[in-house]
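Notes follow the structure.
Every number here is computed from the coordinates shown, using simple stated rules; none is lab data. Values in this document were obtained by computation on a predicted structure and should not be read as measured data. Cβ sites come from the backbone with ideal geometry, for glycine too, and all protein chains shown count toward neighbours.
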Amino acid sequence: MVRAKVIERLKVTDVEYEIELFNIWLSWCEGKTQDYKSMQRLVIYQPLFNWWLNELEKLEIAFLKETQPYDNSLSSEIALGYWRIATNKIHSHFSKTLIKKANEL
């Protein structure tokens, strides 16, 4: 439900949203690792991705609340800029336990 509202607010296609999401995920994983092999472990570890997606959704809910008054007047470019600022906070979130488990695989 949140995802559909975000896509609508951003005025992007599902594919465009998925590409943005994937880029953030890869960037997040890269920021939590020291090498390529470790990054690969994080990227494919489903429990970590599920946790991350849940954390991102919280940021997207805040984005929706903050931009609600401007919903009809936001262009796609401006909405996407605000969304990127809001979701950039994900880089300060991490689950030490899940990262450790991913690296033990």
Within region 83-105, can you find the residues that are buried (at least 17 other Cβ atoms within 10 Å of the Cβ) and either in contact with a helix residue (DSSP H, G or I) (Cβ under 6 Å, 6 or more places away or on another chain) or more than 18 Å from residue 40 (Cβ to Cβ) (or both)?
83, 86, 87, 90, 98, 102
Of all helices (runs of 4 or more DSSP H) fully inside region 1-62, the set with 3 or more residues that are in contact (Cβ under 8 Å) with a residue 24 or more places away in the chain and closer than 13 Å to residue 87 by Cβ is 2-10, 14-31
